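The values are calculated or read from the model by the stated rules, or taken from the named source; none is laboratory data. Computed from a predicted model, the values in this text were never measured in an experiment. All Cβ positions, even for glycine, are placed from backbone atoms using ideal geometry, and neighbour counts span all protein chains on display. The accessibility values were calculated without ligands, DNA or RNA, using every heavy atom of the protein model including side chains. Shrake-Rupley method; radii C 1.70, N 1.55, O 1.52, S 1.80 Å.
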Amino acid sequence: MSSVPMIEQTAGKGAARAAQRGLGARRRGGAGGTMRRPGFLTYGFLGAVILGSVFPLWWSFLVGSHDSSVISKGVPLTPGGNFFANAATVLDSIPFWKALSNSIIVSTVTAASVVLFSTLAGFAFAKLRFRGSKVLLVFVIATMAVPTQLGVVPLFIVMAKLGWTGSLWAVIVPGVVTAFGVFWMTQYLRDALPDELIEAVRIDGASMIQAFWYVGLPAARPAAAMLALFTFVATWTNFFWPFIVLDPSNPTLPVALQLLQAAHFVDYSIVLAGAVLSTIPLLLLFAVAGRQLVSGIMQGAVKG
């Protein structure tokens with residue numbers, strides 16, 4: 001990009017435009033100068049993946065828009081007219097709005113804390129030289145192989161001793177940092193952030209925490225955005241630990257939806273209508289933040 005103004009000063013605007021066109025051709029076509037369009041198989045595979053991903057939500061909407069007898073008649077092919085009535089039943093049967101606010105609080109706080117602490121740890125593992133860093137990183141990654149269910153009993157005992165059972169802190173605090181987040185940010189910063197840039201900032205008099213804040217954190221923005229999205233969705237849909245540690249009067253959305261199942265009869269039209277309602281905030285999140293997320297990823301890829 002910096003070569004174009006130099007060409008314009010030395011050889012005129014015509015040469016600059018020719019250089020700009022040549023640069024654009026190289027970007028579009030790579031070394032060969034030609035761009036290969038995706039073929040039929042690529043579009044067919046992507047279409048199949050999209051249909052397979054959308055079908056469970058669409059099927060839930062179809063069942064949720066009929067009455068309880070639709071399951072015995074087979075899978076419906078067209079939406080019914082009972083969705084809003086079933087949605088109203090969901091809102092009246094469970095503390096939906098309280099569960100929604102709890103899920104928003106837990107998912108937002110957890111995603112923000114995971115991004116912050118994972119980026120700090122990833123910056124340290126990727127750019128700092130200290131004794132035992134490789135062994136410690138391997139240990140952190142090895143914790144991903146331990147099933148979550150093995151730590152439920154001691155974790156519940158700790159929450160009980162702290163007096164946090166039944167409160168949102170018992171769901172937020174155990175998830176403030178994840179081994180996957182540390183590994184993700186370490187791998188990204190190791191390649192995306194040059195060591196020379198940190199050395200230049202340090203020579204200018206900045207401390208290491210200032211180098212992280214003003215250099216490392218902006219460089220990690222694309223990976224941090226993806227990590228935040230993954231963490232938010234995983235926390236939003238988490239059922240196992242909130243079901244154990246939270247009270248029915250203070251649930252998250254997955255725990256609240258479980259309350260729709262009666263002891264001897266499950267009205268799947270009501271349950272699936274509630275599942276569709278709980279998915280709407282995630283769809284809105286993708287609709288609002290999806291474009292910014294993709295642009296941030298592409299910007300980080302171009303810079304890399």
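Things to note:
- Check on Phe130, among the aromatic types (Phe, Trp, Tyr) and over 29 Å from the mean Cα position of the chain (by Cα): yes
- If the condition is being open to solvent by less than 20 Å² (accessible area, probe 1.4 Å) and closer than 20 Å to Val114 by Cα, then segment 194-209 contributes no residue at all.
- Residue match in segment 93-108 (condition: out of contact with any helix residue (DSSP H, G or I) (no Cβ under 8 Å at 6 or more places or on another chain), of a type outside the set (A, V, I, L, M, F, W, C) and not in a helix (DSSP H, G or I)): no
- The lone exception for Arg291 - which of (1) closer than 26 Å to Ser103 by Cα; (2) modelled with pLDDT of 85 or more; (3) not small (Gly, Ala, Ser) it fails: (2)
- Residue match in segment 156-166 (condition: over 14 Å from Trp241 (Cα atoms), hydroxyl-bearing (Ser, Thr, Tyr) and touching a helix residue (DSSP H, G or I) at 6+ places or on another chain (Cβ under 7 Å)): no
- Any hit, segment 92-115, residues being surrounded by 16 or more Cβ atoms within 10 Å (Cβ to Cβ), among the aliphatic types (A, V, I, L, M) and touching a Lys or Arg at 6+ places or on another chain (Cβ under 9 Å): no
- Number of residues in segment 210-240 that are among the aromatic types (Phe, Trp, Tyr), closer than 30 Å to Ala256 by Cβ and surrounded by fewer than 21 Cβ atoms within 10 Å (Cβ to Cβ): the value is 3.
- Residues of segment 69-81 satisfying the condition of being over 18 Å from Thr279 (Cβ atoms), open to solvent by 60 Å² or more (accessible area, probe 1.4 Å) and either among the acidic types (Asp, Glu) or in contact (Cβ under 8 Å) with a residue 12 or more places away in the chain (or both): Ile71, Val75, Leu77, Thr78, Gly81
- Pairs where the first residue, in segment 129-142, is touching a residue at least 40 places away in the same chain (Cβ under 8 Å) and the second is open to solvent by less than 60 Å² (accessible area, probe 1.4 Å) and outside any loop (DSSP other than H, G, I, E, B), C-beta under 7 Å, 6+ apart: Leu137/Phe125; Leu137/Thr186; Val140/Ala179; Val140/Val182; Ile141/Ala179
Let's see how each residue does on (1) outside any helix (DSSP H, G or I); (2) among the aliphatic types (A, V, I, L, M); (3) modelled with pLDDT under 75; (4) within 25 Å of Leu282 (Cα to Cα):
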site	(1), (2), (3), (4)
Val4	no, yes, yes, no
Gly24	no, no, yes, no
Gly29	no, no, yes, no
Pro56	no, no, no, yes
Ala112	no, yes, no, yes
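- Number of the condition not met by Pro251 [criteria: (1) in a helix (DSSP H, G or I); (2) modelled with pLDDT of 90 or more; (3) not charged (D, E, K, R)]: (1)
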